[in-house]
1. Is it true that some residue in the range 192-201 is in a helix (DSSP H, G or I) and surrounded by fewer than 20 Cβ atoms within 10 Å (Cβ to Cβ)?
2. Six or more apart or on different chains, Cβ atoms under 9 Å: show the pairs whose first residue is in the range 497-515 and within 9 Å of ASN423 (Cβ to Cβ) and open to solvent by less than 30 Å² (accessible area, probe 1.4 Å) and whose second is of a type in the set (S, T, N, Q) and assigned to a helix (DSSP H, G or I).
3. So which residues in the range 353-380 are farther than 13 Å from ALA439 by Cα and either part of a helix (DSSP H, G or I) or of a type in the set (A, V, I, L, M, F, W, C) (or both), if there are any at all?
4. Which ranges mark the helices (runs of 4 or more DSSP H) fully within the range 423-519 that have 3 or more residues being β-branched (Val, Ile, Thr)?
5. Given the condition modelled with pLDDT of 85 or more, in contact with a helix residue (DSSP H, G or I) (Cβ under 6 Å, 6 or more places away or on another chain), in a helix (DSSP H, G or I) and closer than 15 Å to MET420 by Cα, answer yes or no: does some residue in the range 570-579 qualify?
6. Which residues, taken from the range 342-352, are in a loop (DSSP other than H, G, I, E, B) and more than 30 Å from the chain's Cα centre (by Cα)?
7. Got at least one residue in the range 333-343 being of a type in the set (Phe, Trp, Tyr), open to solvent by 30 Å² or more (accessible area, probe 1.4 Å) and either in contact with a strand residue (DSSP E or B) (Cβ under 8 Å, 6 or more places away or on another chain) or assigned by the TED database to the domain that holds PHE398 (or both)?
Amino acid sequence: MQSSQKRPRAKSAAAAIVAALVGLVAYGLTGRAGVYAATGDSYPGALTAVALPVGQFIATLGGAACLGGLLYVVTTARPDTAGVIDERAFRVHVLVERAAVIWAVTALLMIAVSAASAAGADVVRLMLSGTVIPAVAASETSRAWIVVAAAAALVAIAARLSVRWITHVVLLVPAVVAVVAVAVSGNAGQGPDHDYATSTAIVFVVALAALAGLKLAAVVGPPIPEVARRVLLLETLSGAVALGYGTILLALLAGSALPADTGYGRAGLGAGVLLLAVWLGDVVAVWRRDLMRAKSVIDPVALIGVMALVAAMATQPAPRLLAHRFTAWDVFLGYELPEPPSVLTLLTTWRFDTFIGVGAVVLAGLYLAGYLRLRRRGDGWAAGRLVAWLAGCALLVFTTGSGVRAYGSAMFSVHMAEHMILNMFIPVLLVLGGPVTLALRALPAAGDSRPPGPREWLLWLVHSKVTALLANPIVAFVLFVASLYIVYFTPIFNTLARYHWGHELMSLHFLLVGYLFYWGIIGIDPGPRKLPFLGRLGLLFAVMPFHAFFGIATMTMTSVMGGPFYRNVGLPWLGSIEDDQHLGGAIAWGSSELPVIIVVVALVAQWARQDRRAASRSDRHADSSYADDELDAYNAMLRELSRDRR
């Protein structure tokens with residue numbers, strides 16, 4: 001019965017994929033010549049013109065199947081005691097494994113196709129000419145496809161080798177990276193306001209891939225009633241995010257013209273209408289508690305249409321980019337900085353980060369919801385932890401959305417101040433908030449008869465071998481110190497400083513590495529075994545020489561880190577980028593002491609609190625032992641009196 005229900009959905013999805021491919025082939029044959037003419041590029045021939053949108057669609061669909069499938073397994077599986085997923089989740093696991101292979105192979109082919117399209121050459125001739133490597137090096141999108149191919153291959157290999165729940169959680173990371181890579185190298189990463197567009201595109205493509213992948217996964221392994229509502233809620237949330245961020249992205253890229261006036265805009269409107277229809281259906285199903293919605297035939301078909309339209313849009317320039325005369329600031333920053341930094345400009349220059357900034361607001365809201373839930377239940381929670389977490393989230397919003405980020409993307413000195421805040425101040429506040437402990441107390445347990453829920457997922461993740469490895473004090477120390485030198489003293493920084501996605505990646509990396517390091521020193525959350533207090537104090541002070549040496553080395557360097565980028569930005573009021581780098585080194589050297597003082601105070605306070613608890617337990621034990629001794633003596637006296645009477 002179940003397979004008979006699944007067959008129509010599978011056939012409908014397959015038919016929709018075939019129809020989308022036919023439509024994209026027709027678009028490549030009839031419409032791509034006009035796209036190349038509009039940009040002034042040479043027409044690369046019919047094969048390249050067709051292969052570009054077709055390959056984009058296949059890769060996009062494969063990425064969605066992988067990301068959504070992994071998310072489906074993580075949220076619906078019922079692993080055994082060894083962490084191996086159940087039979088129903090295994091069906092989706094097979095989908096992920098096969099889709100990842102298709103994704104990796106398609107991405108590998110798209111490296112050459114994108115290079116040929118950018119060079120205006122037939123892809124076969126380019127491959128045979130021996131100039132494919134220089135062509136790939138000259139194409140930003142081709143380089144992005146290399147990242148996609150590597151990440152998709154990693155997902156395919158790991159999915160083939162492991163069927164454990166924790167493996168699927170870990171594979172979400174490379175899947176997200178691969179889904180995002182091409183999106184941030186295309187229209188969203190170019191021209192004015194590309195900082196807004198890049199951050200928005202990151203969230204949009206992940207939400208859309210999650211939604212489409214969840215719908216496709218439900219075709220392969222329909223959810224049981226116990227988890228069907230959970231899947232439906234995830235789909236509804238993903239649809240809402242995709243709709244909201246997609247609307248913002250279309251508004252940013254459409255330019256001054258109305259969307260209906262351009263082919264790009266009409267494709268965006270069509271995708272939006274289909275996406276809205278799917279989302280409204282999910283909302284109604286949630287409202288009516290209609291769990292049969294997960295077995296809908298229409299949803300996968302509509303979303304395949306959305307993916308085809310998005311693929312067509314991704315392979316043509318956005319109208320705003322065609323109608324704008326670019327300046328150096330448009331290319332390298334996306335905005336203007338007419339005044340030098342000051343306290344006033346740092347506080348008033350706001351470009352809110354729609355990725356990390358929104359994430360910080362969401363984290364603050366979730367923490368506050370957990371806190372209020374404990375209070376309504378009558379349980380206590382330290383106000384200091386609440387203040388620390390909210391302060392960390394607020395500081396994260398400020399650092400990534402204010403003039404600190406705006407000027408930090410253009411000046412090394414301000415960037416270094418931003419780095420110190422993200423790596424050493426915010427993580428301390430977030431760790432002191434104890435979010436895992438709060439979540440474990442606020443989230444309800446699933447119970448023996450129900451599928452595992454968020455509380456169980458969190459416990460499995462915290463106590464997994466992956467977390468144990470990353471949170472190991474020595475590993476966290478090496479990551480915390482080594483990443484500082486690897487990023488700044490290698491050519492990596494030249495690439496990361498050039499693109500807005502690079503700044504987002506650096507922000508996430510330094511934030512997470514800092515959190516792992518301070519978790520092992522002052523963390524109150526459960527997790528891997530921590531060092532004794534003296535060991536933690538020694539580890540903390542061991543970091544200081546490395547930061548001092550980094551600051552001194554930066555202050556005395558004759559070469560400029562990220563020099564090509566900073567020279568191309570050409571801030572007119574910045575006298576010397578060399579002097580600015582030396583100032584950045586001084587900031588790195590001097591600002592590392594304050595967070596160390598905060599951590600030492602927190603660590604000593606925790607140490608003293610533990611000593612008081614240990615002394616209190618010892619006193620209770622001593623009192624109990626004394627009472628037991630008195631009782632034994634009294635009983636012995638009674639036995640003696642009894643013998644005397646005899």
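1. Looking for residues that are in a helix (DSSP H, G or I) and surrounded by fewer than 20 Cβ atoms within 10 Å (Cβ to Cβ), one finds none in the range 192-201, hence no.
2. PHE510/ASN423; PHE510/SER483; LEU511/ASN423; VAL513/ASN423; VAL513/SER483; GLY514/ASN423
3. Within the range 353-380, PHE355, ILE356, GLY357, VAL358, GLY359, ALA360, VAL361, VAL362, ARG375, ARG376, ARG377 meet the criteria.
4. By residue number, 426-432, 473-488.
5. Within the range 570-579, not a single residue is modelled with pLDDT of 85 or more, in contact with a helix residue (DSSP H, G or I) (Cβ under 6 Å, 6 or more places away or on another chain), in a helix (DSSP H, G or I) and closer than 15 Å to MET420 by Cα.
6. SER342
7. no
This table checks each residue for (1) exposed (fewer than 12 other Cβ atoms within 10 Å of the Cβ); (2) of a type in the set (Ser, Thr, Tyr); (3) assigned by the TED database to the domain that holds ASN494.
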{"site": "THR554", "(1), (2), (3)": "no, yes, yes"}
{"site": "VAL560", "(1), (2), (3)": "no, no, yes"}
{"site": "TYR566", "(1), (2), (3)": "no, yes, yes"}
{"site": "LEU571", "(1), (2), (3)": "no, no, yes"}
{"site": "ILE598", "(1), (2), (3)": "no, no, no"}
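The values are calculated or read from the model by the stated rules, or taken from the named source; none is laboratory data. Quantities reported herein were computed from a predicted structural model and do not represent experimental measurements. Every residue, glycine among them, receives a Cβ derived from its backbone with ideal geometry; neighbour counts consider all protein chains shown. These area figures cover heavy atoms from the full protein model, side chains too; ligands, DNA and RNA do not enter into them. Shrake-Rupley method; radii C 1.70, N 1.55, O 1.52, S 1.80 Å.
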